[in-house]
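Below is one structure; the comments refer to it alone.
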Number of protein chains: 2
Amino acid sequence: MGSGIGHERTGSGCSAMDLFDRHRQRLAGAMEAIADRRSWSAFPGSARAHPDEAEARRQGLAAFERRLGGAVDLGPVGIGRLVTQTSECSPFTGESLSVQYRRIAPDVLVGLAAEAGAAWRQVPSRARVGICLEIVQRLYDRAFELQAAAQHTTGQSPGMAYTGSGTNALDRGIEAISQAYTVMERVPESATWERPFGTTVVRLDKRFTVAPRGVAIVVCCASFPAWNAYPALFASLATGNPVVMKPHPSSVLQMAIAVEIAQEVLLDCGLPRNVVTLAVDEPENMITMALVQDPRVGIVDYTGGPLFGSLLERTVRSAAVFTETAGTNAVVVHSARNLQGMTRVLAGGLSLFSAQMCTSPQNVFVPRSGFATADGWVDYQTFCDALAASLDAIASVPVRAASVLGAIQAQRTVEMQAEVEKAVSREGRIVAASGTYEHPDYPAARTRTPLVAEVGPDRHHLYGEERFGPVSFVIPVDSPDAGLAQSVADARRCGAIASYVYSEDEAFLARSEEAFAAAGASLSANLVGPMPMNFSAAYSDYHVTGLNPAGTATLTDEAFVSGRFRILQSRRQR
Amino acid sequence: MGSGIGHERTGSGCSAMDLFDRHRQRLAGAMEAIADRRSWSAFPGSARAHPDEAEARRQGLAAFERRLGGAVDLGPVGIGRLVTQTSECSPFTGESLSVQYRRIAPDVLVGLAAEAGAAWRQVPSRARVGICLEIVQRLYDRAFELQAAAQHTTGQSPGMAYTGSGTNALDRGIEAISQAYTVMERVPESATWERPFGTTVVRLDKRFTVAPRGVAIVVCCASFPAWNAYPALFASLATGNPVVMKPHPSSVLQMAIAVEIAQEVLLDCGLPRNVVTLAVDEPENMITMALVQDPRVGIVDYTGGPLFGSLLERTVRSAAVFTETAGTNAVVVHSARNLQGMTRVLAGGLSLFSAQMCTSPQNVFVPRSGFATADGWVDYQTFCDALAASLDAIASVPVRAASVLGAIQAQRTVEMQAEVEKAVSREGRIVAASGTYEHPDYPAARTRTPLVAEVGPDRHHLYGEERFGPVSFVIPVDSPDAGLAQSVADARRCGAIASYVYSEDEAFLARSEEAFAAAGASLSANLVGPMPMNFSAAYSDYHVTGLNPAGTATLTDEAFVSGRFRILQSRRQR
């Protein structure tokens, strides 16, 4: 079925099979890391380690500046029209990015993707894998431009926009490509089957073809699109499906540039650019439902709020649906080696990107009678004070606040924080008050420091749902086991993406692991030190279990890729 | 998390880890066959090759006789009540089997399964695999009893009941166990993860646990339950899920005995019997919907009619749904090496188990101007006559008819055949008339010989849906390509599980493969000789593509097993 498309060298272009060879070593490294879940990355870990930092940064920022007020036009010219995106504003400057994108009707867009998909499915698996890995490389080559685009749409600090939305997200993308590659490689291309029937031996030549499911829609979230979108994009693409990227209307630019880069690679290989396309809408006229309900759509990936996520899980027919939504991530305190070590990492977790992350902790259950540490018994109030002090150590130093907290992506988050603050003034007590901090580089930045409120365990209406942003709760409980019971019940009912426990007692740790496991939640124990507690490592951490309401898609297990393609067979008798 | 349950030797019982070792070689053989799709079986291919045929058959038939009028009581005593199954009658004798089964309310049954599942999930993966393989062995040890049960519920001939519902079905079961094993084995149990953050190296001990999705419901079809039920049962069981088997009310006994055998193995290993349970209902009071909509259910496998199948696909929430329904399997005739070779195998396909199989051909597209063979041009009418003669050669010899056609499972099928016959008398023409044949052993057997009707390509209302049973259509078309176009359109819209083409022209074969592939259908070309054309080989043939309306589950690709479990992780900082 190989038609020659996409794996022959074209005039100015590149051969997809050459690309596979070029990136073969990177693929092998990823596959080894996936097999033993070791720490590995395809890239230097920080901007400073970039081989040509100063020049790359200068060029990247200049490229970003040129985007502002301009157009990212991915064609096709003559279909739809270029419209300035009014809902895309920088959380740092408060100004509209004023970028124009082409608006194309959902059914037209799916039609373009399906048409390009007919060519894409003919490209051999390895060639598709080569193209995907080349797209990853070119995304890395444009790291600083994409960093700026991520920063000025999501509100992430430059450091996080470079790693979390850059290298880490690309690593998760490579992980998805590698998983797709290994699962596809296990389907043999052909077989000879021989069996006696009576005295005659019947001999069949069989051929097996990896076949895509259909058009794939990737619905991205506003605050951290790349980290989930890259794995979804590459898992669907590598397995032969054309992809329509549908970014959140307030956070389009990074994904638009990513699509542009993917199209460059496709065109270089002599393939139709519409194998990867961009769908853009505005909040008052959303097109996601129209996209995902198109019968030509075979796969939907969704990252975002649980309300819309569960709507998709319930209403999408005939397409495989992969979701990551949200949970009420808990911290259960039983005991600790060291109070400061725990409150420092906890304050970091509550502060990092102003808790606009799916792994941010939210509900901290602390025994009201206090708890043991190696340095002696710690009172409940002493814990609260230490946590507040650790938070303040971040928020009160602007340069530190800027690098940790970043800015607030959506005005709605600021309002939600105010609403919780008001409710808590009646029903609880403030452990750490929220304010703004003065961003050293962007005086107009929308900033909020973390609000930490104490509420009783009976105030489930306050802490029993995800509060997306810098809002968390300290919940005094009668015992560590009471905290464990409540947090496990919440994981089961409200979902959990990351759960945390602190205990020096082996029996309590074992009990916690078992209880969270029974509720379908993963657990991290006794995290301290410089690693952010909510860090999730590509190639190593299975992200989202699929066993509680926080989503159905695991980054990146085999089920994340194996359902994106099917197998066609052809049997011929000799 | 290993609790010791199920892998310690109990008094009279067996150790599950010993079972894994005992069956390790069989597992290795299956894994090799899956990897290269060679012909392989764990068992001798026919009853005659059974190591102790005469005695085993005598014992098996005696055991079956003892079942009649008795009870298969799988407990628990005190819950529900034993009721004689009135809808289960032998298609051979016409008499009720009069077996009593325990009727348990769906929610109670799911509760029992969930409770037993708590112990089952603690059993290590390899131990579960060992138990599954032991169940397979004991099903084989009871081959003749199960054969008789299959025969007298489905209407299959003894030979087919022994192989198709016996060894072949068990091979597909072993295939599912092997796939589950290899997918689970690729998840490492633990890892040490080390990464520098600044000047500090953070070290995490990670543990990964295969976690089941929930209670699995296996909804079986009436005419061929084992072939789909065994793979579903074992795929869910091996991955840690408790299973409720829900046979069709007219075809319970074989699955009831299979559940009894599974429970014996579980009890021998010191595990709760309710890890595998049986749900029984009657046609006037069906419980499948209540079962599959229980929120504790995580997996649903369904084999049966497309109407109910698509209802499940649309309505089941929160559970993974695997279906095999039906299609309008086509035969496209372009040219042939040899007329007789083709019509003989075609007549076999139309006759085998009276076409009560998901792979039975239904719509035969033949150029009305005839077609080429190595022996010269063949007129359309000559083809029809040769096909009718080949059919008659089977149907007119009672002992041959008995072994090929078997009996008709459901009275409804006889009525459907009469309805089509009536319609065709107005709208088409009879190529081969249907009648009964006299069964040499069972004078009361419900038999029907194949009805083959000629209808024009415009009579889509007659041939454009599955006619389950001995009804097929010869459709004269203007050209081979017209036949190809219609059959491909039907595969896309009405589904296809198996599609067939006859052509000596490489270009037409390539065009056919491409066209069926584009419609999401697999294709077999030029099948002649002693292998039944609709034979599907375990370990080699991917059965059901999931890319057309005939179902979503492929026997047995990795997607069939990888979605049945998820991965929980536990991270501890050192």
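The values are calculated or read from the model by the stated rules, or taken from the named source; none is laboratory data. Just so you know, these numbers come straight off a predicted model, no measurement behind them. Every residue, glycine as well, gets a Cβ built from its backbone with ideal geometry; the counts of neighbours run over all protein chains shown. Each accessible area value is taken on the protein alone, full model and side chains, heavy atoms only, with ligands, DNA and RNA left out. Shrake-Rupley method; radii C 1.70, N 1.55, O 1.52, S 1.80 Å.
Structure summary
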item: Single match in B:166, B:173, B:155 (criterion: open to solvent by 10 Å² or more (accessible area, probe 1.4 Å) and small (Gly, Ala, Ser)); result: B:166
item: Residue in the range B:93-105 that is part of a loop (DSSP other than H, G, I, E, B), on the phi > 0 side of the Ramachandran plot and crowded, with 24+ Cβ neighbours inside 10 Å present; result: no
item: Candidate set from the range B:533-548 (those that are more than 22 Å from residue B:30 (Cα to Cα) and facing chain A (nearest Cβ under 9 Å)); member that is surrounded by the fewest Cβ atoms within 10 Å (Cβ to Cβ); result: B:546
item: Positions within the range A:463-486 being within 22 Å of residue A:352 (Cα to Cα) and open to solvent by less than 10 Å² (accessible area, probe 1.4 Å), in sequence order; result: A:463, A:469, A:470, A:471, A:472, A:473, A:474, A:475
item: Residue within the range A:9-31 that is open to solvent by 40 Å² or more (accessible area, probe 1.4 Å), modelled with pLDDT of 95 or more, assigned to a loop (DSSP other than H, G, I, E, B) and among the basic types (Lys, Arg) present; result: no
item: Candidates A:493, A:574, filtered to the one that is open to solvent by 20 Å² or more (accessible area, probe 1.4 Å), more than 11 Å from chain B (Cβ to nearest Cβ), over 20 Å from the mean Cα position of the chain (by Cα) and of a type outside the set (S, T, N, Q); result: A:493
item: Residues of the range A:107-116 classified as open to solvent by 10 Å² or more (accessible area, probe 1.4 Å) and either closer than 15 Å to residue A:212 by Cβ or touching a helix residue (DSSP H, G or I) at 6+ places or on another chain (Cβ under 6 Å) (or both), total; result: 3
item: Residue ID - most open to solvent (accessible area, probe 1.4 Å), chosen from residues in the range A:549-560 that are part of a loop (DSSP other than H, G, I, E, B) and at the interface with chain B (Cβ under 10 Å from one of its Cβ atoms); result: A:549
item: Selection status of residue B:430, touching a residue at least 24 places away in the same chain (Cβ under 8 Å), open to solvent by 60 Å² or more (accessible area, probe 1.4 Å) and hydrophobic (A, V, I, L, M, F, W, C); result: yes
item: Counted residues, the range A:33-42 - those being surrounded by 20 or more Cβ atoms within 10 Å (Cβ to Cβ) and assigned to a loop (DSSP other than H, G, I, E, B); result: 3
item: Selected residue (only one of B:323, B:328 is more than 14 Å from chain A (Cβ to nearest Cβ) and either outside any helix (DSSP H, G or I) or not basic (Lys, Arg) (or both)); result: B:328
item: Filter result for residue A:122 (surrounded by fewer than 23 Cβ atoms within 10 Å (Cβ to Cβ) and either touching a Ser or Thr at 6+ places or on another chain (Cβ under 6 Å) or not in a helix (DSSP H, G or I) (or both)); result: yes
item: Residue check for residue B:127: open to solvent by less than 10 Å² (accessible area, probe 1.4 Å), touching a residue at least 12 places away in the same chain (Cβ under 8 Å), over 19 Å from residue B:73 (Cβ atoms) and part of a helix (DSSP H, G or I); result: yes
item: Residue within the range A:506-515 that is among the aromatic types (Phe, Trp, Tyr), under 25 Å from residue B:190 (Cβ atoms) and in a helix (DSSP H, G or I) present; result: yes
item: Selection within the range B:266-279 - open to solvent by 10 Å² or more (accessible area, probe 1.4 Å) and not in a helix (DSSP H, G or I); result: B:270, B:272, B:278
item: The range B:521-532 - residue that is part of a loop (DSSP other than H, G, I, E, B) and surrounded by fewer than 24 Cβ atoms within 10 Å (Cβ to Cβ) and, of those, farthest from the other protein chains (Cβ to nearest Cβ); result: B:532
item: Odd one out for residue A:499, checked against (1) more than 9 Å from chain B (Cβ to nearest Cβ); (2) of a type in the set (Gly, Ala, Ser); (3) open to solvent by 10 Å² or more (accessible area, probe 1.4 Å); result: (3)
item: Top-ranked residue of the range A:177-201 - restricted to ones that are open to solvent by less than 30 Å² (accessible area, probe 1.4 Å) and touching an Asp or Glu at 6+ places or on another chain (Cβ under 7 Å), ranked as farthest from residue A:113 (Cα to Cα); result: A:191
item: Residues of the range B:173-219 that turn out to be facing another protein chain (nearest Cβ under 7 Å), of a type in the set (S, T, N, Q) and touching a helix residue (DSSP H, G or I) at 6+ places or on another chain (Cβ under 7 Å), as a count; result: 1
